[in-house]
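Student: A single structure is presented below for examination.
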Amino acid sequence: MNDPSSQAYKKARRQYLKTTRNRDPNIDKAWTPFRAAEKHFKARFPPPDFAKVLDLATLDASRAPEVAAGIWAGKSDAVETRAFVTKSGIKGYAFPSMPGLILLPGLLSPEKQRELIRWSLVEHSRQPNETNLDIHYRLPSEGIWNAYVRDGSAIVHPRPIEADTEYIKQNPGPRKLIDNIPADTTNFECLSNVSKPLAPPSSTIQPATCSDLLPRLRWANIGWFYHWGTKQYDFSKGKIPVHDTIRKICKDAVQSVDWKEIFSSTNFDWGPNGPDWMDWQENYEPDAGIVNFYQTNDTLMAHVDRSEICATSPLVSISLGHAAVFLIGGLTRETEPIPILLRSGDVVIMSGPACRRAYHGVPRILENTLPPHMADVVDDPEWSTYKNYMDSTRININVRQVFPKDFDPVF
């Protein structure tokens, strides 16, 4: 696509000229800085410029084959960072313009990355963990991945609308975005008591094969159940324990950072109970989250995490498979976001009052960036099935802590 002489480039240029022929030339003047960045990286033509995208993998000689394998690469100095050595001896990066944002590039080994991909598909995307497909289909109890591997042609039937079940009311017209109230200790009880009816199954959806449904898998819940209709947790459903492997990765990542170096010189408003970073080494406990399954044409638009009662404790995000552009801005969309190229095995920590409530999103999954260690593995013949799926997929595992220290929720 970056080669002007290629057929792909010429095709994209023709499509661009066709679709923009009648476009208002001043349309971009109404965009916020965050929206402008999203548009820039989503664009198929002209190909986005990565000169201002932070790409710390370019500093690591061991990741040179991974960088070279894809056509996309940023710059190691595109964004101001401060390198530090974690307590576990690996290199991490802090961001002076966004205190609380930590990047641990290449934290997970290729073997651990493949293990987490297997876990995401085989163990986690099944009952009792909810997925987006459960809303509309009666999925096999073994989960869509295991059913696909057993028999990809097997038919999965739609979930019927049940007369005695309360569903979210669907108003006619375009779907409206939900602007949820930020949760905290003062409104927790009120938000918990808000009715959280089920999302209605589609009345027009048709039976589908496991092979057809697998690419439509978008998310699988972790821990406390999340209610998408209100963008709040549904604590009435209880909590499924976070898997030991995921819990350990998150806790180890958080405990490896010297948080005094990150926050001691800041003067943020941490809320009525004051700063809590001093307690993360001992008391950080990830108990909710999501596994996101992105196809290469998917995006995650700008949003703010407002559902956790604790708005400052770390959120740990793990990237697997294809690389992606991650944008993080400020408390409004008017702040120009920092663009970071996240690659497989990278771990991001978002923490503190400025970072955890900052707008962030993923405007682009970068095609053709699957790292070489995701190719067929000689000593693992079963991996080829996973490799075929990952050829068009990025998996993101992100986990956070819902309640602050010493807060006793009453359900």
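Student: Given a 10 angstrom Cα cut-off, can you work out which residue in Asp376, Asp244, Asp346 is the most mobile in a GNM of the chain?
Tutor: Asp244
Student: Taking the Cα centre of the chain as the origin and placing charges on Cβ (Lys, Arg +1; Asp, Glu -1), which of Tyr16, Phe411, Val304 is farthest toward the positive end of the dipole?
Tutor: Tyr16
Student: OK, next. Relative to the present Cα-Cα distance, how much length would full extension add between Ser236 and Asp28 at 0.36 nm per residue of separation? Numbers along the way, then the final one.
Tutor: Working: separation 208, 0.36 × 208 = 74.88 nm, distance 4.44 nm.
Computed gain between Ser236 and Asp28 is 70.4 nm.
Student: Still on this structure, I have one more. Is any residue of region 381-411 close enough, with backbone N under 13 Å, to a label point placed 7 angstrom from the Cα of Glu285 along the Cα-Cβ axis, and if so, which?
Tutor: 401-409, by backbone N distance to the label point.
Student: Please list 3J(HN,Hα) in residue order for region 150-158, calculated via the Karplus relation 6.51 cos²θ - 1.76 cosθ + 1.60 where θ = phi - 60°; whole Hz, with x for glycine and proline.
Tutor: Per-residue couplings from phi come out as 5, 6, x, 8, 4, 8, 10, 9, x Hz.
Student: Spelling out what I want: for every residue of region 143-149, take phi, set θ = phi - 60°, compute 6.51 cos²θ - 1.76 cosθ + 1.60 (Karplus), and round to whole Hz; glycine and proline get x.
Tutor: Per residue, the Karplus-derived 3J(HN,Hα) values read x, 5, 5, 5, 5, 5, 5 Hz.
Student: For a quick check of your reading of the filter: which GluC sites (Glu not before Pro) in region 148-243 sit in a DSSP loop and have no more than 15 other Cβ atoms within 10 Å? Mind dumping the intermediate values first?
Tutor: Details: sites: Glu162, Glu166, Glu189; in loops: Glu162, Glu166.
Listed in order of number, the matching sites are Glu162, Glu166.
Student: Where the accessible area of the chain is counted over protein heavy atoms with a 1.4 Å probe, how much of it, in %, is carbon and sulfur?
Tutor: Numbers: 10430 of 20410 Å².
Using a 1.4 Å probe with all protein chains present, the chain comes out at 51 percent carbon and sulfur.
Student: Which of the trypsin sites (Lys or Arg not before Pro) found in region 54-161 are in a DSSP loop and have at most 15 neighbouring Cβ atoms, other than their own, within 10 Å?
Tutor: Working: sites: Arg63, Lys75, Arg82, Lys87, Lys91, Lys112, Arg114, Arg118, Arg126, Arg138, Arg150; in loops: Lys87, Arg126, Arg138.
The qualifying sites are Lys87, Arg138.
Student: A follow-up question, please. From the backbone phi of region 53-64, what are the Karplus-calculated ³J(HN,Hα) couplings (6.51 cos²θ - 1.76 cosθ + 1.60, θ = phi - 60°) in whole Hz, Gly and Pro given as x?
Tutor: Residue by residue, region 53-64 yields 9, 6, 9, 6, 5, 5, 8, 9, 4, 5, 9, 4 Hz.
Student: Out of the DSSP beta bridges found with both residues in the chain, what percent are antiparallel (nearest 5)?
Tutor: Numbers: 53 of 56 bridges.
Among the beta bridges of the chain, antiparallel pairing accounts for roughly 95 percent.
Student: Let me have the 222 nm mean residue ellipticity of the chain computed from DSSP H runs of 4+ only, each contributing -39500 (n - 2.57), with the sum over all residues rounded to the nearest 500. Don't jump to the answer; show the numbers that get you there.
Tutor: On the way: 12 runs with 88 residues, N = 411.
That calculation yields -5500 deg cm²/dmol at 222 nm.
Student: Using the scaling law 2.2 N^0.38 Å as the reference, what is the normalised Cα Rg of the chain?
Tutor: Normalised Rg, Cα atoms only: 1.00.
Student: Check which residues have an amide H placed less than 5 Å from Val347's amide H, if you skip close sequence neighbours.
Tutor: Those qualifying (amide H under 5 Å, at least 5 residues apart or on another chain) are Leu104, Gly106, Leu107.
Student: If you place +1 on the Cβ of every Lys and Arg and -1 on the Cβ of every Asp and Glu, how big does the dipole about the Cα centre of region 181-270 come out, in debye to the nearest 20? Mind showing how you got there, number by number?
Tutor: On the way: 10 positive and 9 negative charges, 70 e Å.
Charge dipole of region 181-270: 340 debye, to the nearest 20.
Student: Also, I was wondering about something else. Under the rule of at least 5 residues apart or a separate chain, name every residue whose amide H is placed under 5 Å from the amide H of Val53.
Tutor: Hits under the 5 Å cutoff: Lys75.
Student: How much accessible area per residue does region 250-409 have, in Å², with a 1.4 Å probe? Show your work: numbers first, answer last.
Tutor: On the way: 5670 Å² over 160 residues.
Value returned for region 250-409: 35 Å² of accessible area per residue.
Student: Rolling a 1.4 angstrom probe over the protein heavy atoms, how many square angstrom per residue are accessible across region 1-123? Don't skip to the answer; put the middle values down first.
Tutor: Numbers: 7030 Å² over 123 residues.
Accessible area per residue, region 1-123: 57 Å².
The values are calculated or read from the model by the stated rules, or taken from the named source; none is laboratory data. Note that this is a predicted model, so its numbers are computed, not measured. For neighbour counting, all protein chains shown are included, and Cβ atoms are generated from backbone atoms with ideal geometry for every residue, glycine included. Just so you know, the surface numbers come from the protein's heavy atoms only, side chains and all, with ligands and any DNA or RNA stripped out. Shrake-Rupley method; radii C 1.70, N 1.55, O 1.52, S 1.80 Å.
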